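The values are calculated or read from the model by the stated rules, or taken from the named source; none is laboratory data. All of these numbers come straight from a predicted model, not from anything done at the bench. Ideal geometry is used to build each Cβ from the backbone, glycine not excepted, and the neighbour counts take in all protein chains shown.
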Amino acid sequence: MSMPFLGMAQTIDSSAAAMTSLRKWVKFDGVIKTKLEVSAEDGVMRFNVRNSRLGVRGDIGEYVSYRVQVEFSNEGTFSPLDLYGTLKPAKGLSINFGQTSIPFDNQYIISPAEMMFSNRAFVGKYFTPGSRDIGMVVKYRFPLEAFPLEGEAGMFNGGRINNPQWTDEPSYAARLIAGRMDGFRASAKLYHYTSEAIEMFLWGADAHYAGDRLRVEAEVMNRTSHTTSRDLLGAYIQGAYRFDLRNGKMFRSLTPSFRWDAMGYDVMYSGFDVNRLTFGINFGLDLKPFESTLRIDCEQYFLRNGHFAEFDNRDPHVADNKVTLELVLRF
């Protein structure tokens, strides 16, 4: 090889190595979730950009990584989400330090890029004060190949996101997870939340199964408020089955889905205050049907006491029977 070509080859090799390092240091991801909702009660409608998120993550070295994610529009509100660094001092052990997810909610229930339906299950919307806080989370994956087991524990300010408040009684959460997401997975968890005005204790248990085409999830969650001395119990079961569209051009799959969820105060004495049935059809834009999809959901509410304001009085149409057309794009 002549010298000019040798120099060119070395330059190409150097550029390729630089791009490989850059991809390790900086990895972008995002999700856009926009929808049209139509109330079956009185025919009112609204368009809504529910989420518009952009994130970046990467490895700074063998023992350090980072994660930054912001929400450009959460129903019109800008907010920072993930803002943390991760230390990995030993194999299987990691420590998130900063503003991070609380180890209690399941991401496939609250994350807009992983949800099965356009609206979250009740346990993912009304039970916890928020899904993130400023603090520290320690995770350890036990070295058990035949039976995967992972433990998480965290301590937080209790002020939720973007609020580094002082406290003499931090909030804490812990979770034990068995299994894998591509197969069977189950977890048990607890969360003690304290702030200047609120104190509550939550516990929950869930199970998840994902095969090649079938996905089924169930969860129960209880919240005891030490402020009001009331117990709120919620549960759901949901499932979906994917059909591949062999000749599909825009849509790669068709996935019908179904969910029952319910919640109520003092359920052991009076039963659930609200039950909801949700039927959906997802037109997958890729082979993972709940990542990039065009979906149609139909929600039917059953209210025992005839109103929903005790849970959510921010939106007069929140408990309307409705049809939702939603586009979710994950990149």
So for region 99-113 (the condition being part of a strand (DSSP E or B) and either aliphatic (A, V, I, L, M) or over 14 Å from the mean Cα position of the chain (by Cα) (or both)), does at least one residue qualify?
yes
Exactly one condition in (1) in a strand (DSSP E or B); (2) under 23 Å from the mean Cα position of the chain (by Cα) is false for F302; which is it?
(2)
For T224, are the conditions met, namely being part of a strand (DSSP E or B), hydroxyl-bearing (S, T, Y) and touching a Phe, Trp or Tyr at 6+ places or on another chain (Cβ under 6 Å)?
yes
So, first residue under 21 Å from T34 (Cα atoms) in region 47-61, second residue among the acidic types (D, E), Cβ within less than 6 Å, six or more apart or across chains; the pairs are R53/E71; G55/D29
Evaluation of A186 against (1) over 17 Å from the mean Cα position of the chain (by Cα); (2) farther than 23 Å from N275 by Cα; (3) in a strand (DSSP E or B); (4) among the aliphatic types (A, V, I, L, M) (one fails), failing number
(1)
Do we have E71 as charged (D, E, K, R), free of Cβ contacts under 8 Å to residues at least 24 places away in the same chain and either assigned to a strand (DSSP E or B) or closer than 30 Å to V216 by Cα (or both) here?
yes
With respect to L83, determine if the residue is modelled with pLDDT of 95 or more and either in contact with a Gly (Cβ under 9 Å, 6 or more places away or on another chain) or crowded, with 16+ Cβ neighbours inside 10 Å (or both).
yes
Residues of region 127-155 being in contact (Cβ under 8 Å) with a residue 24 or more places away in the chain and surrounded by fewer than 17 Cβ atoms within 10 Å (Cβ to Cβ), in sequence order, are P129, G130, M136, Y140, R141, F142, P143, F147, P148, L149, G151, A153
